[in-house]
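Have a look at the structure below, then the notes.
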Number of protein chains: 2
Amino acid sequence: MANVAKKVSWSGRDPRDDEDDRAGETTPLLNGTGPGAAGGARQGPCQPAHHVSQETELPRPYPNEIPHNEKLLSLKYESLDYDNSENQLFLEEERRINHAAFRTVEIKRWVICAMIGILTGLVACFIDIVVENLAGLKYRVVKDNIDKFTEKGGLSFSLLLWAILNASVVMVGSVIVAFIEPVAAGSGIPQIKCYLNGVKIPHVVRLKTLVIKVCGVILSVVGGLAVGKEGPMIHSGAVIAAGISQGRSTSLKRDFKIFEYFRRDTEKRDFVSAGAAAGVSAAFGAPVGGVLFSLEEGASFWNQFLTWRIFFASMISTFTLNSVLSVYHGNAWDLSSPGLINFGRFDTEKMGYTIQEIPIFIFMGVVGGILGALFNALNYWLTMFRIRYIHRPCLQVIEAMLVAAVTAAVGFVMIYCSRDCQPIQGSSVAYPLQLFCADGEYNSMATAFFNTPEKSVVNLFHDPPGSYNPMTLGMFTLMYFFLACWTYGLTVSAGVFIPSLLIGAAWGRLFGISLSYLTKGSIWADPGKYALMGAAAQLGGIVRMTLSLTVIMMEATGNVTYGFPIMLVLMTAKIVGDYFVEGLYDMHIQLQSVPFLHWEAPVTSHSLTAREVMSTPVTCLRRIERVGTVVDILSDTSSNHNGFPVVESNPNTTQVAGLRGLILRSQLIVLLKHKVFVERANLSLVQRRLKLKDFRDAYPRFPPIQSIHVSQDERECMIDLSEFMNPSPYTVPQEASLPRVFKLFRALGLRHLVVVNNHNEVVGMVTRKDLARYRLGKEGLEELSLAQT
Amino acid sequence: MANVAKKVSWSGRDPRDDEDDRAGETTPLLNGTGPGAAGGARQGPCQPAHHVSQETELPRPYPNEIPHNEKLLSLKYESLDYDNSENQLFLEEERRINHAAFRTVEIKRWVICAMIGILTGLVACFIDIVVENLAGLKYRVVKDNIDKFTEKGGLSFSLLLWAILNASVVMVGSVIVAFIEPVAAGSGIPQIKCYLNGVKIPHVVRLKTLVIKVCGVILSVVGGLAVGKEGPMIHSGAVIAAGISQGRSTSLKRDFKIFEYFRRDTEKRDFVSAGAAAGVSAAFGAPVGGVLFSLEEGASFWNQFLTWRIFFASMISTFTLNSVLSVYHGNAWDLSSPGLINFGRFDTEKMGYTIQEIPIFIFMGVVGGILGALFNALNYWLTMFRIRYIHRPCLQVIEAMLVAAVTAAVGFVMIYCSRDCQPIQGSSVAYPLQLFCADGEYNSMATAFFNTPEKSVVNLFHDPPGSYNPMTLGMFTLMYFFLACWTYGLTVSAGVFIPSLLIGAAWGRLFGISLSYLTKGSIWADPGKYALMGAAAQLGGIVRMTLSLTVIMMEATGNVTYGFPIMLVLMTAKIVGDYFVEGLYDMHIQLQSVPFLHWEAPVTSHSLTAREVMSTPVTCLRRIERVGTVVDILSDTSSNHNGFPVVESNPNTTQVAGLRGLILRSQLIVLLKHKVFVERANLSLVQRRLKLKDFRDAYPRFPPIQSIHVSQDERECMIDLSEFMNPSPYTVPQEASLPRVFKLFRALGLRHLVVVNNHNEVVGMVTRKDLARYRLGKEGLEELSLAQT
């Protein structure tokens, strides 16, 4: 934008009558005097300067490319706007809608939630059935091969077959993720956390991502990696929700022309919460846990009706999964085993707990916290290594294949070395490997590897005491711990829930056995119960969820009695783990430098005020603005502002007068695209009217300004922003403390918060990055640097 | 306040230098020109007029005494302030506190929550044990008497004994409530809902209330009324929480000098949420349900840490109750039956449900909704009758005794007329009445009346098919329905949860039996399962909770599988019930004309703006104000404002200049009490400094202005409000729509929201009553009138 400083005469309140405004002038709003503006003369509170463009002279320089670390905040992420732009168009629409029409909207919301639940449930069924069949096929092939070679003595050939089989399956899974849709990697939970927090992660809720995610997770699990298929369900649910609620798909280029009312960030985010909850619900058969997950991770403003809808979607999801799977498994309409993973029924009569065991549970929580912290720390170093050296897709695929082959080899060696034979009778092992065991016996170590991790977890919970050799369990824990840690962060779609549970269940069971052995049976420790507590402790130590995880575990075990000890274990694990290092998801979010807003401002931040926190100077627009100025501001690539305060100058003084409204970049783009402006000579003409529909059709992918052609004549036209701007943006005075600003921003899910002085003049703007920058470090408040990466 | 209009000279920004201000003047802030102000000359945006004081000339007259109806909003309720007054004192304190000290505060919060849980659990134990023993004693006495007279034929004497026994017990319970603490009447749930919503109900969280509540509920249950002891637990938990968190008791006149940091509305309300959750948790053994109840009813801003603490308190509460009761019942440390009422374990293997039953469940939801609406409508008329005619305490006591006697008589007549005999062997009836049955048999109808309602509910759920005669069930449902309806709203402490469940369980079981009979057994309807669904439907139809009630029912049955049908039933009941009449609690809240804020503004209220909603003119104060003016404003009994915008006049113009802050009545009172002012002649002197402690010591019962003596000399002193006012109150522009204002107000739990114009000048104030006034009626938006009652 040109910084030419000329005095412009504005004639009072309605510049449309302003006929004496000279045509052809470049009319910046005010003389630029921001830090670094050359030749600025007069200090004004609201200025057309862009601090990002004047990089070198700013107090905080933004390096262009630096190695990732957690002391950075990326500027590349956009925010979602949970605040409706209440402009005249919107108000007119809302006023036109009568009570009955609102009821229709409400019913539509419920219908969408039902559809989200049904589709999420069906996707979960699909994953489950395909994984079961493909994995079964693989195990049969390998088992036949091993059985054939055990006696002949050429077992290294079996190993080779197993490793190649796994590696090639994983290769396919990794290739589609790395080359087609990298955002589908991992569990997707950090991404959904960010989305619900209000950060727009590119491509995260697209249909293509869903397809890659579903195929990827199937291939990862079938490829024998130490992963689960539960985490990705949350991401899948979220994509389904975003797709259905918008009534169209960009990937398919189809617009069904339905649910157009919901085409804005506010509504979409609500539905995505429901989708995430439905995903959790389908994964663990935990509808209440799903609701709490969504709330714990996402909701800033608790709304009763929204929560009910989320709950409804969750319930429908579990119910659908349950119905379909019960039909598939032949015992139609027995709806008692919901969820992809079902921990099986813990019978309370047999397995109560007494008050003396509580210190033991707390101790297990401590162990879980320490092991979880170790897991996270190792994964942190690994991730840093990956960010630095393994950023090319083909390297990522090779790493994934390597991990798959190593996993197979480790499994094979452990089975080979194990001499833990168990009688085959009475056991429910699906693919018993005899190997060097006597006839009628099978290798117990092999069951752990010849099973999807879900089944292994259930076995560890429910197998009768004595089913496992302590040595086997110890070796298994150790190996699986490192494998799972290596696997998380690979370029494959996979979750960390099940591997964590499996590690925990293994050491928990070992702990239970040892306890019973040490106390010579005086404490009769049921190994299954301790396996459950170990699983909770390990998972809690890694992901650090408490409330929702407690409820998920309660629902997955179908047991309310264990609620109290599980809660104790999870809280202890969280406290101990937090002492060392952050939770896994938060760690990865920080490594991505996402401007994530936590629940509260750092406790010691009362000394900061809005004045220190805000970005300044702010690019403002006049209520009636020259088109050329708007185009220049939007085209300025160095500043990528998305909201512009609209002001009006006071005719009597030289000061800029009060704030009148706020307009978004996306709205301006739509206005320019539809040529909503009048010639300067004919300001009294009425400019073209737009409808809300025009804005909704463009949502969410507004074209870039470069794609909009504005001729030189058009540049001199005037655009009246009055009816498109939000006339009542939320504001804070500049003396407000950071916690106060934070509270307002977080509670209302804002994207822009205008800071004004005592005369309601714009002095700055607070956005997400301004707040996310302050963090509570080990030595008190610390400030992150901003980076363009 | 005197309305003398004189021109006052204000000399610039800091009136402390204002030496030429004439002493002895009555200096109203501005000339009053509000509607009705006599002789007003100049229109200003911020005025010292009080619209309440000018009753007759206002557009909305406030009648002084009118019969209660639901189209009124009472002005007598104060609001709680969830917004911290961030004045200099507060900021200085927060800045002084370092990171470690904040951790101490956090630990204190957890300790308080643990104590809340333990004490709530113990209170629940106390109630349970006392009720069990006293009720047992009563049943034995009456049973012996009946047994004695059955053969002799003088059963009317037994009836008399029974009725007198009940009536006298209820009399005591009613007397203590009616004469000592009327707020302890009922279940307390509406009151706690209001408190969590932000309405201060006098006496609701006092220790005295707790004592009366506990004794009252014991006496009501022992007195054989159709009531439960679960609802009052929620109120009890809330009182315990309020008491512990403040570290003192006004009833006992003890201040333990601990937890002084928490002496403000924000913190107290958080703890009260935890207490309510702990109460639910103790009542139903439903910790998650408790958390959801608190959130559903109270939380406006969802905060993760707060929710964890609430959950912790709930868990501790269940655990305490569980431990103590298990010791009391002799099977120490068996922690598997939490809660005052435990619905017993529904064994899923035996009692699954199939998809074909879902329409039947929905139908039951419809029935529940209709019956619930009928219940509420009857209770509405009854309550109106009570408000009009039975408002004297002695009449209330007599009514309670009458109900007790009638309940006994109805029970007696039904037992007498019943010929439903069941074999005594194999049944677990505590007090079997033989009456006219054969030897070895007992009267089945008698079990329903010779039992606390909790036990009857469990019996209806779990007794094997064939235990009940359909005729018995039908009669019982009918009678109990009317008795429960008559009982709710009596001046006794009692809950409606259990009677509702009992009615529902009775007709649900009847429904199950009929179904099995009609389809000739082709649908094998387990009566227990249908009793559960009926109970859910009836309770849902009456109280209209969905999410939290679903979880409470799931947890109380210890069964996750029934989650989906219970949810369906509750939702159907809510939808059907809402079609006819509001939920019972909401109805009673409305009958009390409480300014209750719902979750969202009425959907069709976009046409209203802050300008139309706000109260105007507003009484403003200057930053440096004359003491006499402050005293006059506070003493003005006709206006009972609690927050005053602080403004500063612009020296150059005649206009009042921008808003500078907001100060509360309570703060002004403390300032006056501590004589924080300087003589007008010595404005340069530093006025006395107060500490936050001074404000906290006065919280929550600030003395009335009348108790503070201000001499004539002192009246002429000046008071500097700068460091005590909140310098950054939340504001909205006057164009903001009602939903937008509502959202800000509700999300942040505000008490005062200042409406400003484009120049940041005060034009009005939005308080709770301004927002609560608009409601969605049958014919669209309706506006309630305000009343002083």
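The values are calculated or read from the model by the stated rules, or taken from the named source; none is laboratory data. On a predicted model such as this, the values are computed, not experimentally measured, just so you know. Cβ: placed from backbone, ideal geometry, glycine included. Neighbour counts: every protein chain shown.
Tabulated results
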read-out: Residues being part of a strand (DSSP E or B), within 14 Å of chain B (Cβ to nearest Cβ) and either among the hydroxyl-bearing types (Ser, Thr, Tyr) or out of contact with any Leu (no Cβ under 8 Å at 6 or more places or on another chain) (or both) - total across segment A:706-734; value: 2
read-out: Top-ranked residue in segment B:351-401 [being without any contact (Cβ under 8 Å) to a residue 40 or more places away in the chain and more than 23 Å from residue B:577 (Cβ to Cβ); ranked as farthest from the other protein chains (Cβ to nearest Cβ)]; value: B:398
read-out: Checking residue A:776 against (1) over 29 Å from residue B:97 (Cβ atoms); (2) within 14 Å of chain B (Cβ to nearest Cβ); (3) at pLDDT below 85, the condition it does not meet; value: (1)
read-out: Sole exception among (1) in contact with a strand residue (DSSP E or B) (Cβ under 9 Å, 6 or more places away or on another chain); (2) under 24 Å from residue B:314 (Cα atoms) for residue B:94, by number; value: (2)
read-out: Identity of the residue in segment B:452-478, touching a residue at least 60 places away in the same chain (Cβ under 8 Å) and over 29 Å from the mean Cα position of the chain (by Cα), that ends up surrounded by the most Cβ atoms within 10 Å (Cβ to Cβ); value: B:460
read-out: Boolean, residue B:529 is surrounded by fewer than 24 Cβ atoms within 10 Å (Cβ to Cβ), within 19 Å of residue B:356 (Cβ to Cβ), modelled with pLDDT under 90 and within 14 Å of another protein chain (Cβ to nearest Cβ); value: yes
read-out: Residue selected from segment A:328-368 under the condition of a type in the set (S, T, N, Q) and over 35 Å from the mean Cα position of the chain (by Cα), by the criterion modelled with the lowest pLDDT; value: A:348
read-out: Enumeration of residues in segment B:140-154 that are in a helix (DSSP H, G or I) and surrounded by fewer than 20 Cβ atoms within 10 Å (Cβ to Cβ); value: B:140, B:141, B:143, B:144, B:145, B:147, B:148, B:149, B:150, B:151, B:152
read-out: Condition met for residue B:739 (in a loop (DSSP other than H, G, I, E, B) and within 12 Å of another protein chain (Cβ to nearest Cβ)); value: no
read-out: Residue match in segment B:559-579 (condition: within 16 Å of residue B:189 (Cα to Cα) and not aromatic (Phe, Trp, Tyr)); value: no
read-out: Condition check for residue A:309: within 14 Å of another protein chain (Cβ to nearest Cβ) and at pLDDT 90 or above; value: yes
read-out: Selected residue (only one of A:744, A:750 is free of Cβ contacts under 8 Å to residues at least 60 places away in the same chain, within 12 Å of chain B (Cβ to nearest Cβ) and touching a Leu at 6+ places or on another chain (Cβ under 8 Å)); value: A:744
read-out: Residue within segment A:726-746 that is among the aliphatic types (A, V, I, L, M) and in contact with a Pro (Cβ under 7 Å, 6 or more places away or on another chain) present; value: no
read-out: Members of segment B:279-300 found to be at the interface with another protein chain (Cβ under 7 Å from one of its Cβ atoms) and either more than 18 Å from the chain's Cα centre (by Cα) or under 18 Å from residue B:205 (Cβ atoms) (or both), listed by number; value: B:287, B:288, B:299
read-out: Failed item, numbered, when residue A:252 is tested on (1) in contact with a Leu (Cβ under 8 Å, 6 or more places away or on another chain); (2) within 14 Å of another protein chain (Cβ to nearest Cβ); (3) of a type in the set (A, V, I, L, M); value: (2)
read-out: Which listed residue is farther than 28 Å from residue B:515 by Cα and outside any helix (DSSP H, G or I), from B:437, B:394; value: B:437
read-out: Residue A:411 vs. criteria in contact (Cβ under 8 Å) with a residue 40 or more places away in the chain and farther than 30 Å from residue A:151 by Cβ; value: no
read-out: Complete set of residues in segment B:76-111 that are in contact with a helix residue (DSSP H, G or I) (Cβ under 8 Å, 6 or more places away or on another chain), of a type in the set (Phe, Trp, Tyr), within 20 Å of residue A:743 (Cα to Cα) and in a helix (DSSP H, G or I); value: B:90
read-out: Contacts under 6 angstrom Cβ, first residue in segment A:599-615 being facing chain B (nearest Cβ under 9 Å), partner part of a loop (DSSP other than H, G, I, E, B) and polar (S, T, N, Q), 6 or more apart; value: A:599/B:303; A:610/A:734
read-out: Residue A:119 being within 28 Å of the chain's Cα centre (by Cα), away from chain B (no Cβ under 14 Å) and within 30 Å of residue A:170 (Cα to Cα); value: yes
read-out: Check on residue A:170, more than 18 Å from residue A:483 (Cα to Cα) and aliphatic (A, V, I, L, M); value: no
